[in-house]
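Below is one structure, written out as structure tokens; comments come after it.
Please treat every number below as a calculation from the coordinates, not as lab data. These figures come from a predicted structure and were not determined experimentally. Positions of Cβ are generated from backbone atoms using ideal geometry, with glycine treated the same way; all protein chains shown enter the neighbour counts.
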Amino acid sequence: MSVQQDMVAAGQAVLIENYGRLPMSAARGANAKLRDASGKEYIDFFPGFGACGVAGHCHPKIVEAIREQAAMLQAHGNLLFSAPQIDLAERITKHAFGGKVFFCHSGAEANEAALKLVRLAARGGERKADGPYKIISFVNCFHGRTMGALSLTPPSFQLGFEPMLPGNIQVPYGDLAAVEAAIDKDTAGVFIEPIQAEGGVNLPTVEFMQGLRKLCDEKNLLLVCDEVWCGPARTGKWFAYQHYGIEPDVMTLAKAIGGGLPVAACVAAPKWADILAPGTHGCTMGGAPVCAAAGAAAMKLIEDEDLVTRAETLGAEVLQTLRDAKLGCVSDLRGKGFLIGMALAEAVAVKDVMMACLEKGLIVCLAKNNVLRLAPPLTIETDVLHQGLDILIDVLKEKS
Ligand SMILES: Cc1ncc(COP(=O)(O)O)c(C=O)c1O
């Protein structure tokens, strides 16, 4: 057996098979390149499933920040303050809407914190047993796998794990009248991805997002933007809500905000910044110094290298290259910045395209509704980007 086959077999023997993993391993990475255990090199258009989205694998400045912090202090619990956490929170709030940050580890956990914040806010900040509790979310959304976040996520993910949190309802993405019709006296808030990523890279209109903000204001509902995929910088803005000229009450972040290490955040606008008072919520290792230092280093890279503009420029270049290729099997090409979705014709299975790309040394990912997803690191070299696109175009031409 090859080293690669050995590792796959060893993994299958001890790791719970909840992911339907590919028969592939990952051993080393640098920017947009990844090597498997046997040394085969890939171009990675989906590094760390979004977690290495800012600077790809092992950017020297992030590695250095991790190394330095690991030698200084690794964990302190959250009864104390520490510089890396403050640094990361300052960089997030500066580029968003001010306010304050709660740190945890995953997107689902950030949404759990947001759920509790929304319920408490809807009860005037008081810990009373009754009050608004229902949340409106959207068809084709994804907010995570823990029981609260799962309650906001489509029924196909919930099946077998019911009952969910009561009263939540999903309405079509972009349908303001449906949101309005779903609101009643028990509604506490609305959760929305400003661009749906797992759901197929779906973009709402500016009018819808502005209408949603206005509706939430009129009905006293909190608007939560789940930016786990979109932030920071990925879509050509620091955060994707900024495309629509609105501000949410709460924003959740994970994946790329940690620069490749586990960091997630629930960011509350100034008005709601003190709702999660002592004793209401917690996370022992949330924003642990080594992880926060990696996240702050990634944020600093975005600032120093203007990766917000780079995301916009490279994304436009990718869309143009793919359009120019006139691929018969692509029924729609869409995206914002460097988050790109290619809807494939029904006859072409996105999983087959993904596997054919893998065979030729390119990592891409699938999303719902037969959509192929590209989210290369914002620091990818342009020649590597085009080598990857050449592979993708070859594969899609074979399928057309
Ligand atoms: C928009 C969105 N929210 C939340 C999550 C859950 O994040 P995690 O897997 O870190 O819990 C995801 C995961 O892909 C996501 O795409």
Quiz item: In this model, which of K100/K351; K40/K397; K128/K219; K185/K255 are farther than 32 Å apart at the alpha-carbon?
Solution: K100/K351; K185/K255
Self-check item: Prolate/oblate/rounded label for the stretch 73-304 (Cα gyration tensor, a/c 1.5)
Solution: prolate
Exercise. Over the stretch 1-63, calculate the relative contact order: mean separation of alpha carbon pairs under 8 Å at least 6 apart, over the residue count, as a percent.
Key: 27
Exercise. Take the alpha carbon gyration tensor of the stretch 106-199, find the square roots of its eigenvalues, order them as a ≥ b ≥ c, and report rounded if a/c is under 1.5; if not, report prolate when a/b exceeds b/c, else oblate.
Key: oblate
Quiz item: For the chain, what does -39500 (n - 2.57) per DSSP helix run (n ≥ 4), summed and divided by total residues, give at 222 nm, in deg cm²/dmol to the nearest 500?
Solution: -11000 deg cm²/dmol
Quiz item: Any idea what diffusion coefficient the chain gets from Stokes-Einstein, in µm²/s, Kirkwood Rh on alpha carbon pairs, 37 °C, 0.692 mPa s?
Solution: 151
Self-check item: Computed E for K185/I86 - FRET, C-beta separation, R0 30 angstrom, nearest 0.05
Solution: 0.15
Exercise. Tally the DSSP beta bridges in the chain and give the antiparallel ones as a percent, rounded to 5.
Key: 65
Quiz item: Highest GNM mean-square fluctuation, the chain, Cα pairs closer than 10 Å: which of H386, H105, H143?
Solution: H386
Self-check item: Most mobile of L215, L301, L80 in a GNM of the chain (Cα contacts under 10 Å)
Solution: L80
Quiz prompt | Unpartnered cysteines - no second Cys beta carbon under 4.7 Å - across the chain | solution = C52, C58, C141, C216, C225, C230, C266, C291, C329, C357, C365
Self-check item: Using alpha-carbon coordinates, inclination of helix 382-399 to the longest axis of the chain, degrees
Solution: 80
Exercise. Could you line up Y42, Y19 from fewest to most neighbouring Cβ atoms inside 10 Å?
Key: Y19, Y42
Quiz item: Between T146 and E398, 0.36 nm times their residue separation minus their Cα-Cα distance comes to what?
Solution: 86.7 nm
Practice problem: Quick one: check the C-alpha center-to-center distance for the stretch 113-147 versus the stretch 183-202, whole angstrom. | Solution: 12
Practice problem: Just subtract the alpha-carbon distance of M1 and Q158 from 0.36 nm times their residue separation and send over the number in nm, one decimal. | Solution: 52.6 nm
Quiz prompt | Dipole magnitude (debye, nearest 20) for the stretch 73-304, charges at Cβ of Lys, Arg, Asp, Glu | solution = 340
Exercise. Taking the Cβ of each residue in E305, E198, E218 as the centre, tally the other Cβ atoms inside 10 Å and list the residues starting with the fewest.
Key: E218, E305, E198
Quiz prompt | Residue exposure sequence - E312, E17 - by fewest surrounding Cβ within 10 Å | solution = E17, E312
Quiz item: For A10 and A129 in one chain, what is 0.36 nm times their gap in residues minus the Cα-Cα distance, to one decimal in nm?
Solution: 38.0 nm
Exercise. Mind running the shape call on the stretch 43-98? Use the C-alpha gyration tensor, a ≥ b ≥ c as the square roots of the eigenvalues: rounded below 1.5 for a/c, prolate if a/b tops b/c, oblate otherwise.
Key: oblate
Quiz prompt | Relative contact order (percent, whole number), the chain, Cα cutoff 8 Å, 6+ residue spacing | solution = 23
Quiz item: Top mean-square fluctuation among A178, A32, A356, Gaussian network model of the chain, C-alpha springs under 10 Å?
Solution: A178
Exercise. Report, in degrees rounded to the nearest 10, the 0 to 90 angle that the Cα long axis of helix 83-95 makes with the longest principal axis of the chain.
Key: 90
Quiz prompt | Karplus (6.51, -1.76, 1.60) ³J(HN,Hα), θ = phi - 60°, over the stretch 332-343, in Hz, Gly and Pro reported as x | solution = 7, 10, 8, x, 9, x, 9, 10, 10, x, 10, 7
Quiz item: Hey, what angle do you get for helix 206-218 against the long axis of the chain, alpha-carbon based, 0 to 90 degrees rounded to 10?
Solution: 20
Practice problem: Name the residues whose placed amide hydrogens come within less than 5 Å of the amide hydrogen of A55, ignoring near sequence neighbours (fewer than 5 apart) on the same chain. | Solution: L378
Quiz item: Nearest-5 percent of antiparallel DSSP beta bridges in the stretch 73-304?
Solution: 45
Quiz item: Taking only C-alpha pairs under 8 Å that are 6+ residues apart, what is the relative contact order of the stretch 73-304 in percent?
Solution: 30
